[in-house]
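Got a structure for you, written out below as structure tokens; questions coming shortly.
The values are calculated or read from the model by the stated rules, or taken from the named source; none is laboratory data. Just so it is clear, the structure is predicted and the values come from calculations on it, not from any experiment. Positions of Cβ are backbone-derived with ideal geometry, glycine not excepted, and every protein chain shown enters the neighbour counts. Accessible surface areas use protein heavy atoms only, side chains included; no ligands, DNA or RNA. Shrake-Rupley method; radii C 1.70, N 1.55, O 1.52, S 1.80 Å.
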Amino acid sequence: MGGVPGREAKVRESLQSYKYISPPLSLLETVYLDAFWEQVCVLYPRWLAPNVITLVGFLFISAAFVATLCLDPTAEGRIPGWCLLLIAVCGFIYQTMDGTDGKQARRLRCGSAFGELFDHGCDALTSSMYAIFSAEILDVGVSSKVGAIFILNAQLAFYCSNLTLVHLQRQEIRWFDSQEMQALVQACGLVKALAPWVLTRSISLPLHGSLSAMVRGTLKSMSAAVGTSLTPRVVSVGPSSEQVVQIQVEVRVLCILIGLCAPIQHAISTSIRLFGHYWWYSASNKSRANGRGVSALVGHISSILSWYCAALATHTVCVAMSSSTVMVAWVVIAMLGFGDLMNRTLVERVANIPSPSLPELVTLPGPVGLVALASICLSPNLSTLGRPGGGGTSAVGVPGIAQTEAGLTPGVLYLGCLGAVLCTAVLYLHYVVATGNTICRALDVCWFSVPTCSTSTSTRSTTSARLRTRSPSSSNLKT
């Protein structure tokens, strides 16, 4: 989230007119999560700031993420059972704290727009982490197209979900949304750790003859596109093409199909919904304030699609290196780059600080990191490091990484990737701290403390009166 000194007056004016409307609850939130979070919230001391709760939950899920990449850098399903349990436990802790921070803010009456930005900024990063967990649990790996699409699809779905918050002023939550996906990943982690045979178990699906042929043809085409076998096995066929055909599909394959198709469907339906909103309500089309209007919507969609294509193209270049170091660098840069893009979009809504136009996207942390990483991979001196014939095996066991005729060592590759990651991280954190400080000054709040009565101001009172806090994780408001 980044700010520019001297904009406090403009930011304060926008924050005073800021209004938050709580979205509906999803399936699991309605069934048990919301009530469970209410019980957990009363255990928190009143001096505990909501943003501290968010940060602690984020640190837990980050610990599982770091452990996963350290034990299996390419996320190909090689982590031990205890790490799978760690993913499930840390994911549950993150989900619980992410769902109770907003309740703590409502309990202390200290909800603010800054709390919403902080919460959604952390959620933007964890969406990529959960995609990595999914790739690990389903044995697809981030070096495959499926793994890359998993990550980018998760980012696409999260971004489009938040676009409803920007353009409709109310985030639309479906019955099967982020909470359900998080619970599904946690459950799959437990299942693989305790009963891995469940994921490889085949499920028989009765389909009409013509429909079966269409499904099998589609899955065969998808298999060729993503480089992973998704084709089901036919176990019985009737005497006629009009008869019911029994096909068998592994549970793991069904989960992969959900990860490949569901986010795309969500993004398309959300885009149609938003364009339809401006079509039917032409008056709102004239408003460009806080990132709204058709032109702003086109810009937002163009930005996320450009990011999707650029990240996927860079992934293709990185895969040619056959280096786990390069793939880890790509994962981290993709995660931070998307987090920065999401932050800027939300800041535009809350503080009316314009987000970069499409030509200006190349200056953002994500594109800068991707360009730096691609340059390393395409460098003539480094291009032979990770390709077949480029050398034996490195000390870390990465095929093809060895000293070349030019005298380069694997250390050069590691330093190059580290430099690209650090460059992205520094730019990302600079934006977060700068804008966070600007908004905190405008609201007269602190990052990780509960405001006292003596520090209350008319600005915070006016803004807090307009806020509507809610419990689910993706839309909590807090200081």
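Starting with the highest mean, order 344-357, 297-310 by the number of other Cβ atoms within 10 Å, averaged over the residues of each peptide.
Details: 344-357: 20.9, 297-310: 17.6.
In decreasing order of mean packing, 344-357, 297-310 become 344-357, 297-310.
In whole Hz, with x marking every Gly and Pro, tabulate ³J(HN,Hα) for the range 308-314 from phi via Karplus 6.51 cos²θ - 1.76 cosθ + 1.60, θ = phi - 60°.
4, 5, 5, 5, 5, 5, 5
For the range 340-383, report the accessible area per residue in Å² (1.4 Å probe, heavy atoms, rounded to an integer). Walk me through the intermediate numbers first.
On the way: 1570 Å² over 44 residues.
Value returned for the range 340-383: 36 Å² of accessible area per residue.
Can you work out the FRET efficiency for the pair Arg441 and Ser302, with r the C-beta to C-beta distance and R0 = 45 Å, to the nearest 0.05? Kindly include the intermediate steps, with their values, before the conclusion.
Working: r = 32 Å, r/R0 = 0.72.
It comes out at approximately 0.90.
What's the ranking of 178-189, 135-146 by average number of surrounding C-beta atoms within 10 Å, highest first?
Values: 178-189: 20.3, 135-146: 24.2.
Top to bottom by mean Cβ count within 10 Å: 135-146, 178-189.
Still on this structure, please answer the following. Return the distance in nm (one decimal) between the two label points of a simple spin-label model at Glu13 and Ile272, each offset 7 Å from Cα along Cα→Cβ.
My value for the distance between the label points is 4.0 nm.
Sticking with this one: Mind giving me the nanometre distance, one decimal, between the label points for Trp197 and Trp280, set 7 Å out from Cα along Cα→Cβ?
Result: 5.2 nm between the two label points.
If you don't mind, another one. For the range 301-355, give the percent of accessible area contributed by carbon and sulfur heavy atoms, probe 1.4 Å, rounded to a whole number. Each step should come with its number before you reach the end.
On the way: 910 of 1300 Å².
With neighbouring chains kept in place, the figure for the range 301-355 is 70 percent.
Taking a 1.4 Å probe, which of Arg170, Arg252 shows the most accessible area, and what order do the others take after it?
Final ranking, largest accessible area leading: Arg170, Arg252.
Next up: Could I have the simple spin-label model distance between Ala434 and Cys261, label points 7 Å from Cα toward Cβ, reported in nm to one decimal?
According to this spin-label approximation, the distance is 4.4 nm.
Using per-residue counts of other Cβ atoms within 10 Å, averaged over each peptide, order 364-374, 64-74 from highest down.
Numbers: 364-374: 22.4, 64-74: 18.5.
The most tightly packed comes first, giving 364-374, 64-74.
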